[in-house]
Amino acid sequence: MIEAIKNNSNTSKKALFVLHEGIGSTIFNSQVLEHRNGMKEFGIEFDILAYDTLSKTWKLSNDNLEKLKKNNSKVEVFLKKAMNIYYPFSSIYNLFLLINFLLKNKKKYSFIQARADYTAFLCIIAKPFHNLPVYWDCRGDAVSELKDSLSRKSSIVNFIGNLYLVNFDRFVVYINCKKSDGAIFVSKALFNLFSSRLKTKNYQIIPCPVSEKKFFFDSELRSKMRSELGITNDKVVYLYSGSMIAYQSLQEQYKQYELLLENTDNIILIATSDPDVAKAFFENLISERLIITSVSFEEMNAYYNLADFAFLMREKKQLNFVASPTKFGEYCLTGLPVIMNDTVDQAFSISKQLGNYVSHLDLAAKPFSDNQRMKISDESKQFYSRKILSVKYVTLYNL
């Protein structure tokens, strides 16, 4: 089927991928750039328009853009500064920026893929100026995410935020449901949130895809990495990969790390983009057996291979229930057993089917053999392989 679709893509189509997240170090590579590269095989050439709305990440976005240009010189990426989406009247300003770009470039593109709710909303509102199909790339429950973030703020900020920002986000979702030409939802649970309000019948449920060319299990790579880091075969490595954001259930992980470190054969490896925050949070646990480091996207597969278990712990909240964590797909393609709770519906369900589920209450579980990991790696492709899931994107685009 994949080859048939490729053969039907005789002429190249130009499309625009728009986001308001800047150019980050991990998600941009795994979900934006990899999507662009994957679609090229089907005759769809994406340009990327990335708006950075935060002053604190502007330098990082520019640094990452420079790295990207060195390694991917043929990728057309436009990085622009925009206003923080929660500032008063910022949407009007950001809409003006988007319209200005599209008026100059709309003739180049066949359609727009808008990542996340806010971007889709602006692209839809701007449609009279560009008249291009807009595909809403829905990544999560933005209203629940905002309410969760506000709950950690002062009572005044929480009150004002719920009065204005939450209602604005609800309006954004309303417009997206009514006016999108097509939609992508990362999980069935997320789709179920919007299905009764979604006007278009052109939608796909697509978990966060993972490139099997970059994430896989290799026993030789495993031995090589453990040798380089001085980790002997009798040691059990527990890996956490991700940010230090509160919803990652860090307090629960702290308790688990304490118990695991009681066994001198256990090593905990924390690979995070926030190493300073992690070092402060785990200050009393840091030792030669609790390692905190920052790992590039390109190096991540090697670290997954050397590990014996991975963690996926989330708080019991709506925003987590409907999620599709990219890391879980990467864990699966590298054959890792995953220590987790049942708070992420998609991950919990798939892990049960694959057999790599390990209860967060079972810290005495034994590592998988190389053969077991290869089996998990192969079987997980049906759920997370970018090559396989690409067919769903092409079907959505109706090209």
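The values are calculated or read from the model by the stated rules, or taken from the named source; none is laboratory data. As the structure is a computational prediction, the values presented were derived from the model and not from experiment. Positions of Cβ are generated from backbone atoms using ideal geometry, with glycine treated the same way; all protein chains shown enter the neighbour counts.
When 97, 79 are checked against the criterion of being in contact with a Gly (Cβ under 8 Å, 6 or more places away or on another chain), among the aliphatic types (A, V, I, L, M) and touching a residue at least 40 places away in the same chain (Cβ under 8 Å), a single residue qualifies: 79. Determine whether residue 102 is touching a His at 6+ places or on another chain (Cβ under 7 Å) and under 24 Å from residue 394 (Cα atoms). When the stated conditions are applied, residue 102 passes them.
Can you spot a residue in the stretch 55-72 that is within 23 Å of residue 183 (Cβ to Cβ), among the hydroxyl-bearing types (Ser, Thr, Tyr) and under 22 Å from the mean Cα position of the chain (by Cα)? No, every residue in the stretch 55-72 fails to be within 23 Å of residue 183 (Cβ to Cβ), among the hydroxyl-bearing types (Ser, Thr, Tyr) and under 22 Å from the mean Cα position of the chain (by Cα). Residues in the stretch 360-392 that are touching an Asp or Glu at 6+ places or on another chain (Cβ under 6 Å) and within 25 Å of residue 233 (Cβ to Cβ): 367 only. Within the stretch 37-51, the residues that satisfy the criterion of being under 17 Å from the mean Cα position of the chain (by Cα) and at pLDDT 95 or above are 48, 50.
The criterion of being under 14 Å from residue 22 (Cα atoms) and touching a strand residue (DSSP E or B) at 6+ places or on another chain (Cβ under 8 Å) holds for residue 68. Exactly one residue out of 124, 92 is buried (at least 19 other Cβ atoms within 10 Å of the Cβ), of a type outside the set (Ser, Thr, Tyr) and either in the same structural domain as residue 161 (by TED's automatic domain parsing) or in contact (Cβ under 8 Å) with a residue 40 or more places away in the chain (or both): that is 124.
With respect to residue 212, is the statement that it is buried (at least 17 other Cβ atoms within 10 Å of the Cβ), of a type in the set (Asp, Glu) and in contact (Cβ under 8 Å) with a residue 60 or more places away in the chain true?
On the way: buried (at least 17 other Cβ atoms within 10 Å of the Cβ): yes; of a type in the set (Asp, Glu): yes; in contact (Cβ under 8 Å) with a residue 60 or more places away in the chain: yes.
So residue 212 passes the test.
For the condition outside the structural domain of residue 379 (by TED's automatic domain parsing) and modelled with pLDDT under 95, what is the one hit in 245, 156, 175? Going through 245, 156, 175 in turn, just one is outside the structural domain of residue 379 (by TED's automatic domain parsing) and modelled with pLDDT under 95: 156. Filter the stretch 350-365 down to the residues that are surrounded by fewer than 16 Cβ atoms within 10 Å (Cβ to Cβ) and either outside any loop (DSSP other than H, G, I, E, B) or modelled with pLDDT of 95 or more (or both) and list them by number. Scanning the stretch 350-365 gives 352, 353, 355, 359. When every residue of the stretch 371-390 is checked against the conditions, none turns out to be part of a loop (DSSP other than H, G, I, E, B) and over 24 Å from residue 39 (Cα atoms).
For (1) aliphatic (A, V, I, L, M); (2) under 21 Å from residue 96 (Cα atoms), each residue gets a yes or a no:
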| position | (1), (2) |
| --- | --- |
| 126 | yes, yes |
| 146 | yes, no |
| 155 | no, no |
| 165 | yes, yes |
| 181 | no, no |
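Can you give me the number of residues within the stretch 46-99 that are among the basic types (Lys, Arg) and either in contact with a His (Cβ under 8 Å, 6 or more places away or on another chain) or in a helix (DSSP H, G or I) (or both)? Step through it out loud before you land on a result.
Step one: list which residues in the stretch 46-99 are among the basic types (Lys, Arg), which gives 56, 59, 67, 69-70, 74, 80-81.
From the residues that got through so far, the ones that are either in contact with a His (Cβ under 8 Å, 6 or more places away or on another chain) or in a helix (DSSP H, G or I) (or both) too are 56, 59, 67, 69-70.
Qualifying residue count for the region: 5.
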